[in-house]
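The values are calculated or read from the model by the stated rules, or taken from the named source; none is laboratory data. Keep in mind it's a predicted model, so treat the numbers as computed, not measured. Heads up, the Cβs are rebuilt from the backbone with ideal geometry, glycines too, and the neighbour counts pull from every protein chain shown. Just so you know, the surface numbers come from the protein's heavy atoms only, side chains and all, with ligands and any DNA or RNA stripped out. Shrake-Rupley method; radii C 1.70, N 1.55, O 1.52, S 1.80 Å.
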Amino acid sequence: MQTALLQLLLLALAPVFVLAETGIDAWLRYAPYPGAEKHAAALPHKIYALNATKSSPVYTAGTELALGLKSIFGLAAAVEYQQTLDYSSSSEGGCLGRKSHLVVGTLDAFDAAEHKVKVPELIEDGYFLDITPKRTLILAKNERGALYGAFEYLNRLAQGNVKSASFASNPDAAVRWVNQWDNMASGGTHGSIERGYGGVSMFFWNGVVREDLDRVHQYARILASVGINGIILNNVNANATLFDDINLRGLQRIGDIFRPYGIRIGLSVRFDAPQSYGGLSTFDPIDASVIKWWHDITDKIYHMIPDFVGYLSKASSEGQPGPLTYNRTLADGANLFARTLKPYGGTMMFRAFVYDHRSLNQTLDWKADRANAAVNFFEGLDSKFDDNVVIQIKYGPIDFQVREPVSPLFAHLRETPAAVELQVSQEYLGQQMHVVYMAPMWKELLDFDLRIDSKPSQLRDVVSGKRWGRHQGGYAAVVNAGLNSTWLGSHLSLSNLYAYGKLAWDPSHTSEDLIDAWTRLTFSHDRAVVDTVRTISMQSWPAYEDYSGNLGVQTLADILNGHYGPNPGSQDGNPWGQWTRADGDSIGMDRTVSNGTGFAGQYPPEVAAMYEKVETTPDNLLLWFHHVPYTQRLKSGLTVIQHFYDAHYRGAAVAQTFVTAWEKLKGKVDATQYDETLSRLVYQAGHSLVWRDSVSNFYFNKSSIADTRGRVGNYKYRVEAEDMQLSGYVKYQVKPFESASKGWAIVTASNTTTGTASYKLDKVESGRYDVAVNYFDMAIGNSTWTLSLDGAVVGKWKGDLEYSSGKAATIYIDGQTAIRKTFRGVQVKKGAEVKIVGVADGKEPAPVDYISILPLGTAD
Ligand code: GCU
C-alpha cells in the first residue's frame, strides 16, 4: 500500500448566515433546507479524494463535496487527498469507526477488484455513484467524470435526496461545449458580448485578457456542474489579436482556471488571420505559407495550453472571410485547421452557418432562399472532412428563431460528426427580458425524427453519433454569460443553462423535471415556489411564440436593429433572407419542391413528403413551408389571420399571469431575487402587449381582414397621447406605424422642453382602476415622467431601463423601446384631470403613446 496522504482539510464549523442572493452561485448555493441537519449523522464524515494535485478535477471534487456537505447540512467532513485509496494511511489509522465515508476518484486510482466493487460499464466522462449509509463511492473512467459524479451527488443532496442508490451515468454525447461570443474591446473599455444580455465580458478588457479572472473561476464551476467539457472563447466574428503574446499568456491563465473543472478551452478563429494579422499576402487554405502559419500558431498554443480543445470557425458567412474567397471548399477550410490540431488530439469545429447575406434577392426571385444555403454549400463534402472535424449546425436552417424545423443538413452528414448549435442567450427570444424556458423547444428539436434511410433518426441520436454507431459530436450552445451577478441578466433565464447542460448529457430528461430540480436548487424546496416556477416556465415558450411569431413565420423581431422588439415589416425587402413574403392577400415562404424554393426536398423523403403538402405540414410550421392566403383554414379550423389575432391575445394574456403568479411567492424566495424577477415579469407583461398590438395591427393593415372578435384596432380603455391637450409636447408619427397605438405618439418640442399632456376623465365612473402609461424608453437619455390625477401625483419614474436591462440598446421610438408602466388600484374620480408631465433628457424627448384606465386586473 502506498502512503499517499498529502493533505488533510478540515472545514471549521461556522454559523450559516443568510445573505441576499445575487444569483452568482446559480444552482450551486447548497442552501440548508428545513430539517437538513438531521441527516448529517448519516452522511460522509470523511472524503477520500484520489488525487492530491490541486489542478486535478478529482481534487476539485473533494473540495466541492466538503463545501456542499458543510453548507447544506452543517457537516464538517474532512478531506484526505490521496493518489490511490489507502485507508490505512488515513489519520484514523485504517479504522473508519461507525461513521460513513466517501471515496471519489478514477477507476485507476481506486482498485475496484481489491475493494470488491462491481462497477458498471463506463465511458469517457461517465461515472458510477454507489450511495450507502456506510460508504459512498464516486468512481469514473477519467478525472472529469469523477467530478461530474460529485456534482450529481451534491445535486441530489441539495434537493433533499439522501437515499441510497447505485447507478452509472454515461454522457449521451462526447461534445458538450459552450461558445462565448465575447469581444476583446479597446480604448480602456470592457469587452462587450455579441448577443450577450448579461453584462460585459468576464474574460476581456481593453483588448487583453483580464487580470482579475475571479468570475471565470465561478463560471467554470457552474459549467462543470452540468457536464460541460469545452468552452470556446471570443466572438465567432473573431479577433486575431488573441494571438498576441500577451493574450496567449492570458489564455493560458484561463486554461489553468478551467482545467481543475475538467473543461478544455478553445478559440474562435478568424479565417484571414494569416493575412490580416500575420502579414502574409494570402489566406488561401491550401497555400503552403498559410498552412505553416496555422501550424506555427497551433504549436505555440499547445505548448502553453496542452489540453487546448481546438478551434471553432465561422467562415464565408455574413461578411466573414473564408475558403470560398479562393474558390476552395468548406472542407479545404476545415481541414486546414484539423491538420494542425490532429497531432495534439484537438477538434476542429466548423460551423455550417454559411450563407452570403448580400446575394439574396427576394423580390425578383421566388426560388431564392437562405434556408437552402447550408445543404447547398456542404453538398458532396461529407467524405472530404478529416476525422477530427465536427460540423456545428444551428438547430434550424435560419437563425435561432422561436420555431424552426430541424436543419436538414443533419441528414446529409453521415461520415462527418455533427454538433447541434443551440442558443442559451435569448437573441430572438426576448433577450432575457422575457422569460422563455427553452428546454421544451430543445426537446422537440432533439426528439424530431429525420427518418434518414427511412429508419428512426432522432436528432439527438444523430448528433450523439448513435445513429451512425459512433460516439462523436454532440452539442454546442451560445451562452454569452457576462459579469452581471445573475450571469445571463435575469434569474429565471439561468434555468436554460442548467437545462442545456443536463440535456446534452442526457436528452431524455423531461423539461418539467429539469425546471423542478433547478428551482429547488436555485430558489427553494417550497412546493408553491416549485409549482409556480414550473408553471411560468412551461408556459413561457408557447406564450412567447404566440405573441412574437406564429405558424412558423419566425420571430417577427426587428431584424435590422437589435433582434428584439416587434417589427414584422423588417423581415422582408432586404437580403438577410428571413422573409415572410407577406403581401395583401397571403403570407409565408413557399419552400416546396413543386412550386417553391425546393427547401422541403432537402429532407429525407418521408420528412420531405410531409412538408411538401399543406395538409401534412403541422400548423406550427405552415408558413415556414407554404405561402398561403390569410384566409387559409388551419387544422384548428381557424383562418391564418384569425389564428394570428387569437394567438397574440392569448400569449399576451398568459404573460400577464406570470406577474400575479410570481407575486404569490413574496416571502418564499430571497427578497433580491423576488424583486428583480418581478420587475422583469412586469416589464414582459407590458411588452407582450406591445408585441400583440404591433403584430396584430401590422397584419390587419396588410390584409384588411378584421379580427372576428373585434379586438384589434379597438382599445376602449385607452386615450391616445396625441389626442390629449398638449403643451410643450408635439405629435410624432411613429415608424413603423404599428409600434405605437394608432401610429402616433407625442414627444417634447425640443430636448430641453418639459411637455404636458392632459385630458378629462368624463367617460369613466368613479372607482378604483389600474392606470397604465405606455411610453418609450430609449437608450439616449433618462427622461422623467410624472403622472397625476387632479394634481395628486400617482407616480414619477425615469426612462433608465438601459442601465438595468441587458437587452440590445436601441435609440428609436419603436417596438424595441415601447414600454408600459402600470399603477394598480388607483382611486379615480369621474371628471378628474389626468396629466402626464414629461421632462426630456439627453436626446430622449419623453415620448408617450397612450394612457389606459383599466378595470382592475385588466390589461389592454
Ligand atoms: C446571428 C447573430 C449574429 C451572429 C450570427 C452567427 O446572425 O445575430 O450576431 O454573428 O448569428 O451565429 O454567426
Per the filter on segment 120-138, residues more than 27 Å from LYS38 (Cα to Cα) and open to solvent by less than 40 Å² (accessible area, probe 1.4 Å) are LEU122, ASP125, GLY126, TYR127
Within segment 348-365, restricting to residues that are open to solvent by 10 Å² or more (accessible area, probe 1.4 Å) and hydrophobic (A, V, I, L, M, F, W, C), the one that is farthest from the ligand (Cβ to nearest atom) is LEU364
Flagged pairs (Cβ under 6 angstrom, 6 or more apart or on separate chains; first in segment 191-207, more than 16 Å from the ligand (Cβ to nearest atom); second open to solvent by less than 40 Å² (accessible area, probe 1.4 Å) and of a type in the set (Asp, Glu)) are PHE203/ASP182; PHE204/ASP182
The one condition SER425 fails out of (1) within 14 Å of the ligand (Cβ to nearest atom); (2) more than 28 Å from LEU801 (Cα to Cα); (3) of a type in the set (S, T, N, Q) is (2)
The number of residues in segment 734-785 that are over 40 Å from the mean Cα position of the chain (by Cα), farther than 11 Å from TYR850 by Cα and among the hydrophobic types (A, V, I, L, M, F, W, C) is 3
Going through segment 299-321 in order, the residues found to be open to solvent by less than 20 Å² (accessible area, probe 1.4 Å), touching a strand residue (DSSP E or B) at 6+ places or on another chain (Cβ under 8 Å) and of a type outside the set (A, V, I, L, M, F, W, C) are GLY310, TYR311, SER313, LYS314, SER317
Q: Tell me, yes or no, whether segment 533-548 has at least one residue that is at negative phi, without any contact (Cβ under 8 Å) to a residue 24 or more places away in the chain and open to solvent by less than 20 Å² (accessible area, probe 1.4 Å).
A: no
Checked segment 3-32 for anything at pLDDT 90 or above and surrounded by fewer than 17 Cβ atoms within 10 Å (Cβ to Cβ); matches are THR22, ILE24, PRO32
The one condition GLN432 fails out of (1) surrounded by fewer than 24 Cβ atoms within 10 Å (Cβ to Cβ); (2) in a loop (DSSP other than H, G, I, E, B); (3) modelled with pLDDT of 95 or more is (1)
Note: among LYS807, LYS829, LYS798, LYS821, just one is farther than 30 Å from HIS491 by Cα and of a type in the set (Lys, Arg), namely LYS829
Of (1) open to solvent by less than 10 Å² (accessible area, probe 1.4 Å); (2) part of a helix (DSSP H, G or I), THR416 fails just (2)
**Study point:** Test result for GLU765, surrounded by 16 or more Cβ atoms within 10 Å (Cβ to Cβ) and farther than 30 Å from GLY198 by Cβ
**Key:** no
Out of (1) assigned by the TED database to the domain that holds GLU124; (2) buried (at least 22 other Cβ atoms within 10 Å of the Cβ), the one ALA41 does not meet is (2)
Log entry, pairs with first residue in segment 745-758 being part of a strand (DSSP E or B), second being basic (Lys, Arg) and buried (at least 16 other Cβ atoms within 10 Å of the Cβ), beta carbons closer than 6 Å, six or more apart or on different chains, reads SER758/LYS835
A careful count of residues in segment 336-347 that are open to solvent by 10 Å² or more (accessible area, probe 1.4 Å) and either within 30 Å of the chain's Cα centre (by Cα) or aromatic (Phe, Trp, Tyr) (or both) gives 3
Within segment 276-327, residues being away from the ligand (no atom under 16 Å from the Cβ) and in a strand (DSSP E or B) number 1
Within segment 715-753, restricting to residues that are surrounded by 17 or more Cβ atoms within 10 Å (Cβ to Cβ) and of a type in the set (Val, Ile, Thr), the one that is farthest from TRP785 (Cα to Cα) is VAL734
Note to self: Can you find a residue that is surrounded by fewer than 19 Cβ atoms within 10 Å (Cβ to Cβ), of a type in the set (Phe, Trp, Tyr) and touching a residue at least 24 places away in the same chain (Cβ under 8 Å) anywhere in segment 163-181?
What the structure shows: yes
Kindly establish whether GLY482 is more than 22 Å from VAL406 (Cβ to Cβ) and touching a strand residue (DSSP E or B) at 6+ places or on another chain (Cβ under 8 Å). yes
Inspect segment 782-795 for any residue being touching a Gly at 6+ places or on another chain (Cβ under 9 Å), of a type in the set (Gly, Ala, Ser) and surrounded by fewer than 17 Cβ atoms within 10 Å (Cβ to Cβ) and give the result as yes or no. no
Query raised in the report: Regarding LYS342, is this residue assigned by the TED database to the domain that holds ILE246, over 20 Å from LYS394 (Cα atoms) and part of a helix (DSSP H, G or I)?
Result: yes
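Yes/no matrix, rows are residues, columns are (1) among the hydroxyl-bearing types (Ser, Thr, Tyr); (2) in the same structural domain as VAL669 (by the TED database); (3) over 22 Å from LEU157 (Cα atoms):
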| site | (1), (2), (3) |
| --- | --- |
| THR486 | yes, no, yes |
| LEU514 | no, no, no |
| ASP546 | no, no, yes |
| GLY565 | no, yes, yes |
Counting only strands (runs of 3 or more DSSP E) wholly inside segment 114-185, the ones holding at least 3 residues that are over 30 Å from VAL200 (Cα atoms) are 127-131, 135-140, 165-169
When (1) away from the ligand (no atom under 16 Å from the Cβ); (2) assigned to a loop (DSSP other than H, G, I, E, B); (3) open to solvent by 30 Å² or more (accessible area, probe 1.4 Å) are applied to ALA368, the one that fails is (3)
